[in-house]
Structures are given as C-alpha cells and as structure tokens.
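Please read the structure below before turning to the comments.
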Amino acid sequence: MKEEMKQYFHTLLKEWKDYNHSLPKSVWIKEANSFIYEGEPDAEGYIFWKPTEKDIFHDFSNIERELAIQFHDSIKEYYNSYWFLDLAGNYLEYNLELNSVIPGIELRDFYTSLQGYKKAHHNELKNIPIGMECNGLLIVVDNENGQVKIEDYERGSFEVISNSLAELISML
C-alpha cells in the first residue's frame, strides 16, 4: 500500500508542478497539524500542502474494541502510510475521492464515519467506508477480503471495483 501511495503522490506533485508551478492546494483545516502545509492560507481559505510519509504508527485496538470489530489489514495500512489532504482520481467510469489522513485529526474523522455507517447498516460493519464517488455513492472496503466496492445505499447494492485498496490507488 505504501508504495502505491508513494507513486500516486509522486504523480500528483509532478502534475501540479507542471500545470500550476506549485504544490497542490486544499481548504485550510485549522485543527490539522501545520507541518503538512506550505505557506499561509489565501483569501479564499486555500493553502498549499504536501503529502508526508508517516513516521508514527496508529494503533486501532481501542477503536476495534469499542466497535467490536477487527479491521482488514489494508485499512490499517492506508491510515498508517501517509498524511495527506486529497487522494482522488478517475477509475472505470467513477470519479473517486478517498478519505484524507490529516495529521492531528486522522482517526477522529474515521471513527465518526464508522459510527454513522454502523448505525445505518443494522449495527454491522461488514464494509468499511473509505471514500465517496462524485454522485454520492460510498466507496467501501469489504472487511473480510479487502475488496473495494461502490455502495449504493438507496438500492442496497454493491459493485466490486477492485481486488484491493492498494490496487485501486495504483489505478487512480
């Protein structure tokens, strides 16, 4: 997973530099640790940022205990590889945006989304939400086998789009 993310961010930084002569920009988040940012927010509240390889390991045991679940290894790898504000791209016919891993608040947002997802899915976490598709569909990881799926909650349907999160990231 870390290698796929490294390649993704290398390409992202190169494209931004070639097109805009800068780092990527995103909305400034006050609660985020400042090391991910470069410079100051502009008048519209956007700021340059750079992906940073993580040098700490987040233990998921408290969240797993509270939610009575064991996360698929790919989820833990995803949240323990890089800090970043945006990871998005096109794959198949979908425009996908995966969850950010923001220094200082990375697991808080993940935990909050898990609580809501669990409540909406009969108190079960067979799938773990990991992002959104531009038309409002969820991107989830099957917590048993690690497959990535598009979930249409209203229809109660799932479409497998990738065998793994690492494979998906390598294709964005």
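Numerical summary
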quantity: Rounded D (µm²/s) - region 90-172, Kirkwood Rh over Cα pairs, Stokes-Einstein at 20 °C, 1.002 mPa s; calculated: 163
quantity: Histogram of C-alpha separations across the chain, 10 Å bin width, %; calculated: 9, 37, 37, 15, 2
quantity: Around residue 80: net Lys/Arg minus Asp/Glu count, Cβ-Cβ under 11 Å; calculated: -3
quantity: Within-13-Å neighbourhood charge of residue 1 [Cβ basis; K, R +1; D, E -1]; calculated: -2
quantity: Chymotrypsin sites (Phe, Trp or Tyr not before Pro) restricted to DSSP loop in region 58-125 with at most 11 other C-beta within 10 Å; calculated: none
quantity: Alpha-carbon centroids, region 109-172 and region 1-35: separation in whole Å; calculated: 24
quantity: Greater than 26 Å apart at Cα, pairs in 2/50; 6/118; 50/76; 2/119; 17/54; calculated: 6/118; 2/119
quantity: Residue 22 paired with residue 121, simple spin-label distance in nm, labels 7 Å along Cα-to-beta-carbon; calculated: 3.8
quantity: On Cα atoms only, tilt of 2-20 relative to the major axis of the chain in degrees; calculated: 40
quantity: Region 41-110: GluC sites (Glu not before Pro) in DSSP loop, at most 12 other beta carbons within 10 Å; calculated: 44, 93
quantity: 222 nm mean residue ellipticity, helices alone, for the chain (DSSP H n ≥ 4; -39,500 (n - 2.57); rounded to 500); calculated: -9500 deg cm²/dmol
quantity: Positive minus negative residues near residue 41 (Lys, Arg vs Asp, Glu; Cβ under 13 Å); calculated: -2
quantity: Proxy reagent accessibility, fewest Cβ within 10 Å first, across 161, 56, 128; calculated: 56, 161, 128
quantity: Cα long-axis angle, helix 106-120 against the chain (0 to 90 degrees, to the nearest 10); calculated: 30
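Computed from the coordinates by the stated procedures, all read-outs in this text should not be read as laboratory data. Fair warning: this is a prediction, and the values are worked out from it, not measured in the lab. Using ideal geometry, Cβ is built from the backbone for each residue, glycine included, and neighbour counts are taken over all protein chains shown.
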